[in-house]
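Read-outs throughout are calculated quantities, based only on the coordinates presented, and are distinct from any laboratory measurement. Just so you know, these numbers come straight off a predicted model, no measurement behind them. FYI the Cβ positions are ideal-geometry reconstructions off the backbone, even for glycines, and counts take in every protein chain you see.
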Amino acid sequence: MAGGGAEEGASLEYTPTWIVAAVCTVIVGISLAVERLLHYAGKYLKSKNQKPLYEALQKVKEELMLLGFISLLLTVFQSSIVKICVNEDITKHLLPCEYPSEEAESNATSTTSHLGRLLAEESGTVGYCTAKNKHPLISVEALHHLHIFIFVLAIVHVTFCVVTVLFGGAKIREWKHWEDTIAKENYDTDKLLKSRKVTHVHQHAFIQDHFLGIGKDSAILGWVQAFFKQFYGSVTKSDYVTLRLGFIMTHCRGSPRFNFHKYMIRALEDDFREVVGISWYLWIFVVVFLLLNINGWHTYFWIAFIPFILLLAVGTKLEHVITQLAHEVAEKHVAIEGELVVKPSDDHFWFHRPGFVLFLIHFILFQNAFEIAFFFWIWVQYGFDSCIMGQVRYIVPRLIIGVFIQVVCSYSTLPLYAIVAQMGSSFKKAIFEDHVQVGLVGWAQKVKKKTALKAASEASGQGGSTTNDGSSSLGIQMGKLARREATTTPDEIHPTTGS
């Protein structure tokens, strides 16, 4: 019994207590250290009023909790899963690696020796199913490797998202000097629009950069230009100034000094919460990939082109939105009084939904993280020469595509999305500071309560028609807050108290 126990591993009944205590201490210590690290990171973000990033951190905690639950399920049901026995024919189809032939087995190649070790390690499970003339559905070793892969995938995805947003945010912050320059000029939009200054549309830098004429040929050239422009000077100063003015004239006309750059950063941080998580449809993609990872199909290579093509399509579309805005103005006017103003609209986006672009960026980042995580997991777990890894001619392009996606998404696509996404028909709640949002919610709740009381009073025949007063009061308060938010600097804004 001792011999068998030595081969298959002794249970806790025959394991020295100091070993059990030491291992338990290390595992619990690491877990508590990570938990405290996340806790203090959250406190730091809250102290810096980085609510969107704080909520993104909460999203990471949710993912870790999900991973912990998956780990628990795999551990608890491991013995039951490996005792599910199936016919041998079922286990010989849709394999990632080709089954070794008898000749290969006799030559004792590295692949067969590895399989032999797996069989030796799982002799207990194999014996259980062999007694029934069947094979185990999945071995303990394979289940353990799958467990590790899921964990690695989640960690790599979160890491890649954070890196993308950090580098993309750094690129966006380079535009701050344009905002500062505009603020120093201290111009008044209304005065500019009412002035007698005549702007020749086709001589404007923004139009010259994007308008290529009228006709089908210009439309095709516009798409071609948009495709290449995402790789160089994706956002110029004329783009920023024109899109900024278009946003202000559409959503906050009375606040020409609105800090558009600050709002754009807050909106991007707000969207980051959606990108960092692994949604259910992304897990479905993982399952589909694992199903199609069949020997000879080179699925891991061909699937790398999905995020690559999507990234180019998204970047081209975002640049083309700017081109469409330029075309709208150039085709309607030859000369205008005042500054050039574009008209934001959801009609320029796919399905009239600017948020669909964020969904695609989310998928691109996840797919790229999946590719890189799968590569390194195979490398560490099975070795570079593993049949799952594939041939070098398939590996190198795959890695180059992964690096290309990460760089372009960080320095071009994400900054493009940050500004072009604001060219929709509506603005985001990030237009207000956090404390202003809280104030608006408080006023809305008070108005709702006041409306309900007045409705009850009317029902009893004691009240008049005064419900609209409450709604208009809320509108007045929102207008005041919007103007205050737009015309004050961050240091001048203080949390409001009371009503």
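When +1 charges are put on Lys and Arg Cβ atoms and -1 charges on Asp and Glu Cβ atoms, the dipole computed for region 206-283 relative to its Cα centre reaches about 320 debye. Across region 150-431, Cα-Cα distances exceeding 37 Å account for 23% of all pairs. By the Cα gyration tensor, region 380-432 has an equivalent ellipsoid whose semi-axes, rounded to whole angstrom, run 41, 12, 8 from largest to smallest.
Take 38-49, 267-278, 397-408 and order them by the average number of nearby Cβ atoms within 10 Å per residue, most first; the result is 267-278, 397-408, 38-49. Per-residue Cβ neighbour counts within 10 Å put LEU64, LEU291 in the sequence LEU291, LEU64, beginning with the fewest. For region 287-314 versus region 383-427, the spacing of their alpha-carbon centroids is 13 Å. Quick check on my link table: of LYS43/LYS428; LYS171/LYS317; LYS262/LYS317; LYS176/LYS317; LYS48/LYS450; LYS61/LYS428, which ones sit more than 30 Å apart, alpha carbon to alpha carbon? Cα-Cα > 30 Å for LYS48/LYS450; rest within. Taking one quarter of the surface of the C-alpha convex hull of region 293-441 gives a mean projected area of 13.9 nm². Shown for MET264, MET389: other C-beta atoms within 10 Å of each C-beta, ranked fewest to most, produce the order MET389, MET264.
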